[in-house]
Amino acid sequence: MGQIIDGKKIAQTIKDELKIEVDSLIKDHGITPGLAVILVGADPASESYVKGKRRTCKALGIYAKDYNLVAETSEEGLLTIIEELNQDDSIDGILVQLPLPSHINEEKILLAIDPKKDVDGFHPENIGRMMIGMDTFYSCTPYGIIKLLEYCDISTEGKHVCIVGRSNIVGKPVANLLLQKHNLANATVTVCHSRTPDIGYHTRQADIIIAAVGIPELITKDMVKEGAVIIDVGVNRVEDATKKRGYRLVGDVNFEEVKDYVSHITPVPGGVGPMTITMLMFNTIKSAKNRI
Ligand code: NAD
């Protein structure tokens with residue numbers, strides 16, 4: 001049986017280290033890291049993500065400034081709040097939970113966030129800095145994936161990594177991070193997407209597969225090389241009458257089919273998910289340290 005990568009445990013180890021850093025920022029420098037968490041509307045998945053972020057802030061001693069805005073909030077209103085937060089010295093990071101209601105231009109909002117407070121790592125300035133290997137905030141899910149591999153002693157150096165999915169928040173940034181001339185990267189990267197004719201042809205050659213598509217169990221055993229490492233980013237709800245809530249969560253990889261065939265695999269839930277929130281905290285603390 002392949003090793004199940006325990007993202008929850010690894011995330012907790014990193015959070016324990018971060019808590020020590022927060023304590024020392026408070027004690028030695030009088031700095032309490034601050035994160036503004038903005039939720040617009042009442043999408044249940046977004047509400048649950050925001051709840052997790054706020055809970056983690058509290059556990060680490062980070063000040064979470066919460067905004068729960070009605071879905072009818074105007075684009076101008078949201079921009080005003082962001083401008084105030086850009087000027088607020090007690091705030092080190094600004095997180096706007098996506099997706100936003102359709103009348104608000106997401107691009108405009110993300111561009112309005114001061115890149116120095118863009119702890120999600122979505123601002124084009126930070127994406128550009130990441131691409132050319134400059135110090136910046138890395139997007140949280142891609143950075144979480146790199147950290148998972150590091151904690152499991154899985155080297156990417158010279159390995160063939162096949163990424164399925166080319167979104168701006170997962171596929172493209174993780175491809176870029178893995179291409180960096182860095183000992184946690186140096187990979188040969190293939191990126192497959194919705195227009196790739198035969199994904200299996202590429203994934204079968206990969207030492208490491210990163211699936212970030214959003215299609216339940218798209219990656220099956222016949223698409224995987226024996227002994228490969230699987231990082232499953234997908235979080236998909238599938239109907240399940242045996243569950244009280246009527247659904248269960250599955251990834252983009254058919255876990256049951258491949259788990260005995262691969263060397264390592266992340267479960268869904270409990271794999272990449274906990275790392276995303278942890279790296280958001282990491283970025284917020286990194287930003288707070290700029291106040292010293
Ligand atoms: P997205 O919808 O923005 O992008 C999906 C990508 O998959 C696209 O680039 C598209 O080209 C590709 N794609 C679509 N159909 C395909 C197909 N049939 N074959 C190959 N590629 C195909 O999604 P996203 O925001 O990158 O998220 C992907 C998944 O990861 C979702 O399930 C999302 O919920 C999950 N996610 C999880 C975390 C986490 O922290 N665990 C974070 C972000 C996203």
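Under 28 Å between C-alpha atoms is the cut-off here; go through segment 98-163 and count lysine pairs that meet it, provided they're at least eight residues apart or on different chains.
Values: Lys108/Lys116; Lys108/Lys117; Lys116/Lys147; Lys117/Lys147; Lys147/Lys159.
The result is 5.
Antiparallel versus total DSSP beta bridges in segment 26-176: what percent is that, nearest 5? Intermediate results must be reported in sequence, preceding the final value.
Values: 0 of 11 bridges.
DSSP beta bridges in segment 26-176 are roughly 0 percent antiparallel.
Starting from 0.36 nm per residue, how many nanometres of slack lie between Ser194 and Lys116 once their C-alpha separation is accounted for?
Working: separation 78, 0.36 × 78 = 28.08 nm, distance 3.35 nm.
Result: 24.7 nm gained on full extension.
List the GluC sites (Glu not before Pro) in segment 39-126 that DSSP assigns to loop (not H, G, I, E or B) and whose Cβ has at most 11 other Cβ atoms within 10 Å. Which are they? Write down the numbers at each step before the final one.
On the way: sites: Glu47, Glu72, Glu75, Glu76, Glu83, Glu84, Glu106, Glu107, Glu125; in loops: Glu72.
Hits after loop and neighbour filter: Glu72.
Roughly to the nearest percent, how much of the accessible area of segment 29-182 is carbon and sulfur, given a 1.4 Å probe? Could the numbers behind the result be given before it?
On the way: 3760 of 7140 Å².
Taking all protein chains in place, segment 29-182 shows 53 percent carbon and sulfur surface.
Where only protein heavy atoms count, and the probe is 1.4 Å, what is the accessible area per residue for segment 30-115 in Å²? Let's see the in-between values first.
Working: 4130 Å² over 86 residues.
I get 48 Å² per residue for this part.
Leaving out ligands and nucleic acids, and using a 1.4 Å probe, what accessible area per residue does segment 140-273 come to in Å²?
Value returned for segment 140-273: 47 Å² of accessible area per residue.
For segment 54-63, take each phi angle, set θ = phi - 60°, evaluate the Karplus expression 6.51 cos²θ - 1.76 cosθ + 1.60, and give the result in whole Hz per residue in order, putting x for glycine and proline.
Computed from phi, the couplings for segment 54-63 are 5, 5, 5, 3, 4, 4, 9, x, 8, 6 Hz.
May I ask for the percentage of alpha-carbon pairs in segment 191-272 that lie more than 17 Å from each other? Write out the running numbers ahead of the final one.
Numbers: 1435 of 3321 pairs.
That fraction is 43 percent.
Mind computing the radius of gyration and Dmax over the alpha-carbon atoms of segment 1-138? Å is fine for both.
16.4, 54
Roughly how big is the chain's charge dipole about its Cα centre, with Cβ charges of +1 (Lys, Arg) and -1 (Asp, Glu), in debye to the nearest 20?
On the way: 33 positive and 39 negative charges, 102 e Å.
Roughly 480 debye, rounded to the nearest 20.
Take the residue pairs Lys19/Lys259; Lys8/Lys65; Lys15/Lys221; Lys9/Lys225 and return only those whose Cα atoms are more than 32 Å apart.
Working: Lys19/Lys259 34 Å; Lys8/Lys65 25 Å; Lys15/Lys221 34 Å; Lys9/Lys225 27 Å.
Lys19/Lys259; Lys15/Lys221, as the Cα separations exceed 32 Å there.
From the helices alone, meaning DSSP H stretches of at least four residues, give me the mean residue ellipticity at 222 nm for the chain, per-run term -39500 (n - 2.57), in deg cm²/dmol to the nearest 500. Walk me through the numbers before you get to the answer.
Numbers: 10 runs with 115 residues, N = 292.
The per-residue figure over the chain is -12000 deg cm²/dmol.
Counting only other residues whose beta carbon sits under 15 Å from that of His193, what net charge do I get with K and R as +1, D and E as -1? Show your work: numbers first, answer last.
Working: positive: Arg166, Lys172, Arg195; negative: Asp198, Asp252.
Combined, the nearby Lys, Arg, Asp and Glu give +1.
What does the convex hull of the alpha-carbon atoms of the chain project to on average, in nm²? It would help to have the intermediate numbers written out before the result.
On the way: hull surface 62.7 nm².
Projected over every direction and averaged, the Cα hull of the chain covers 15.7 nm².
By DSSP, what percent of the beta bridges with both residues in segment 140-273 are antiparallel, rounded to the nearest 5? All intermediate terms of the calculation are to be shown ahead of the outcome.
Details: 4 of 20 bridges.
That works out to approximately 20 percent antiparallel.
Along the Cα→Cβ direction, 7 angstrom out, place labels at Lys8 and Glu75. What is the inter-label distance in nm?
A separation of 4.2 nm, rounded to one decimal place.
Report the antiparallel proportion of the DSSP beta bridges in the chain as a percent, rounded to a multiple of 5.
Numbers: 4 of 33 bridges.
Among the beta bridges of the chain, antiparallel pairing accounts for roughly 10 percent.
Can you tell me which aspartates and glutamates have their Cα less than 12 Å from the Cα of Lys181? Leave out same-chain residues fewer than eight positions away.
Glu157
Considering only Leu98, Gln87, Ser48, whose Cα is most displaced toward the positive end of the charge dipole of segment 30-115, charges sitting on Cβ of Lys, Arg (+1) and Asp, Glu (-1)?
About the Cα centre, the residue reaching furthest to the positive side is Ser48.
The values are calculated or read from the model by the stated rules, or taken from the named source; none is laboratory data. Source: prediction; values computed, not measured. Backbone-built Cβ (ideal geometry, glycine too); neighbour counts: all protein chains shown. Accessible surface is based on the protein model in full, side chains and every heavy atom, while ligands, DNA and RNA are left aside. Shrake-Rupley method; radii C 1.70, N 1.55, O 1.52, S 1.80 Å.
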